[in-house]
Amino acid sequence: MTGLGRVAALALAGASLMGCAGAHEAGAPQSGGRYMAGHFRAEAVLHTADGAEAGRAVAQEKDGALLVTVEVKGLPAGVHGVHIHTTGKCEAPGFTTAGGHWNPGAKQHGMDNPMGMHAGDLPNLTVKADGTGKLSFTVHGGSYEQLLDEDGAAFVVHGGPDDLKSDPAGNSGPRIACGVFGAV
């Protein structure tokens with residue numbers, strides 16, 4: 001082997017070993033893109049019953065809780081209940097396949113319920129006249145692993161406001177947009 005060939009072979013072997021060693025270090029990205037830059041992150045692309053894209057919801061684990069941010073577009077103006085639902089399935093038109101509210105702690109519904117609240121209960125989202133809205137909220141009582149368990153989870157926008165206390169779902173009306181969380 002020539003001198004140049006040996007250098008190339010050693011460089012390739014060294015790069016391979018460094019890649020293997022780095023994969024086992026604490027804090028290194030795990031397969032499937034589930035762990036990035038010190039936190040876990042999942043995203044749900046929201047769609048209406050007619051298939052139009054209606055925004056995105058992002059959940060990322062941070063300091064033992066989930067920071068959820070949702071941005072919507074093309075939805076009716078007004079106040080809407082928004083929730084994380086137990087099943088990662090969004091079949092139109094009613095999106096009932098998403099199941100009930102995400103509730104790993106077996107609580108009651110509603111931020112104002114003394115027996116509550118579900119981990120999937122979020123504050124109401126206000127959609128402006130132009131059809132857009134944004135909300136960020138920290139979810140306690142659920143983890144990233146629970147969010148992306150075997151049957152997954154979905155983010156749902158309802159047609160009306162959540163009363164924040166009625167069990168099991170806050171009387172927030174029909175489900176008008178839905179997206180399945182997936183690791184990013």
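Amide hydrogen proximity for G152: with H placed 1.01 Å from N in the peptide plane, the residues at 5 or more positions away or on another chain lying under 5 Å are G88. Sorted largest first by accessible area at a 1.4 angstrom probe radius, with every protein chain in place, the residues T126, T87 fall in the order T126, T87. Per-residue SASA remark: E145, around 100 Å² accessible (1.4 Å probe; ligands, DNA and RNA not included).
Near G51: Cβ cut-off under 15 Å, other residues only, Lys/Arg at +1 and Asp/Glu at -1. The net charge is -1.
The values are calculated or read from the model by the stated rules, or taken from the named source; none is laboratory data. Just so we're clear, the structure is a prediction, and the values are computed from it rather than from any experiment. As a convention, Cβ positions derive from the backbone with ideal geometry for all residues, glycine included, and neighbour counts pool all protein chains shown. Accessible surface areas use protein heavy atoms only, side chains included; no ligands, DNA or RNA. Shrake-Rupley method; radii C 1.70, N 1.55, O 1.52, S 1.80 Å.
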